[in-house]
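Everything on this sheet refers to the single structure shown next.
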Amino acid sequence: MNPSVQIILTTELMVALLMAIGFLALKTGLIPKDQLTGISKLIVNVLLPMTIFNMVANSETVLADYLKAMPYLGMVALVYAFLFGLGWVVSNLLHLKGQRKDVFRMFMVYGNIAYFGIPLITGLYPNALSAMHLTQHNVLDALVLWTVGILILTHHTEKRSVLTIIKSMMNPTMIALIIGLVFMSFGWKLPALGNGIVKGMADSLKSISLLYMGMLLATIQPKNLLKEKSIYVLILVKMILVPLVLYGIASFFFVDQSAVTISLMFGLPGMILVSILVALYQSDKDYAAGIVFMTTIASLITLPLLVSIFSMLHTVLK
């Protein structure tokens, strides 16, 4: 079996089983529905900041590595900017309005790096360059999500002053990212006890967020979302067309591994954290959960297809 297919199938099985456990926990009453907000706050305000700090502060990457890899980081930043614009254009063409438009734009940008991107890239390229690129993606992803992303998600709120916007940006995750970057820059490390606590909480994020996603799916009507054409457009554009075009461009500037990495990282299924934030900020949570569910299923086809196409294109472009 193709290594990329095996990695994706294993990841999909883990995602499906954990979501199923969460789904059944809510449906059977083991977890009351009114506890979902508390769980989402635990994920966003405690576990995620610990994960971000652990990822940056305990990375083998040092500041000098970032400086050497600035061209790649610069291109990643340009792709983020392009996708924000593309999401706005496509959502207008689809005549999406209000909260649904905001959610669509978010998923046009953010993919599921933690569950799919990291295992896929490290499985395909188990080397130091992969670790460098993944750290770059994670840091920039967190930075953009908790600034521009939060502005989009809170777009529907009636009262937004400069002070409330700044306050929303200076959240636990942004603070953890800043502290983590300071630790990385100076080569600092937490004492063993503190580091063990941080790593333990960071390691729990994946499982708890997937359980939460399953609980959230238990509260919606998925049949209606199957008829939502915008989700199929999102899959076509974000998970197929964008990665193909991006690979063609990146191949002229970077080695093939870097070109494949940046292309796959922007072709991943919907980020679960976005769905959690959508629910937390009282936006269109049903639509967001449906996007995560349907793009995750679609990735069974799109990700192996992309890897196969990139392999063929490399021979042609070479």
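The values are calculated or read from the model by the stated rules, or taken from the named source; none is laboratory data. Just so it is clear, the structure is predicted and the values come from calculations on it, not from any experiment. A quick note on method: Cβ atoms are made from the backbone with ideal geometry, for glycine too, and the neighbour counts reach across all protein chains shown. Note: accessible area is taken over every heavy atom of the protein model, side chains too, but ligands, DNA and RNA are not part of it. Shrake-Rupley method; radii C 1.70, N 1.55, O 1.52, S 1.80 Å.
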Unique match (being in contact (Cβ under 8 Å) with a residue 24 or more places away in the chain, within 19 Å of G149 (Cβ to Cβ) and among the basic types (K, R)) among K206, K229, K189, K285:
K285
Do we have any residue at all in the stretch 169-184 that's over 23 Å from the mean Cα position of the chain (by Cα) and modelled with pLDDT of 70 or more?
yes
Would you point out the residue of the stretch 267-281, among those that are in a loop (DSSP other than H, G, I, E, B) and open to solvent by less than 10 Å² (accessible area, probe 1.4 Å), that is farthest from L246 (Cα to Cα)?
P269
Suppose we filter the stretch 19-61 for residues that are open to solvent by 20 Å² or more (accessible area, probe 1.4 Å) and touching a Ser or Thr at 6+ places or on another chain (Cβ under 6 Å); how many remain?
1
Does the stretch 2-20 contain any residue that is farther than 29 Å from L305 by Cβ and at pLDDT 90 or above?
no
Criterion violated by A64 - all others in (1) in contact with a helix residue (DSSP H, G or I) (Cβ under 9 Å, 6 or more places away or on another chain); (2) part of a helix (DSSP H, G or I); (3) open to solvent by less than 60 Å² (accessible area, probe 1.4 Å) satisfied
(1)
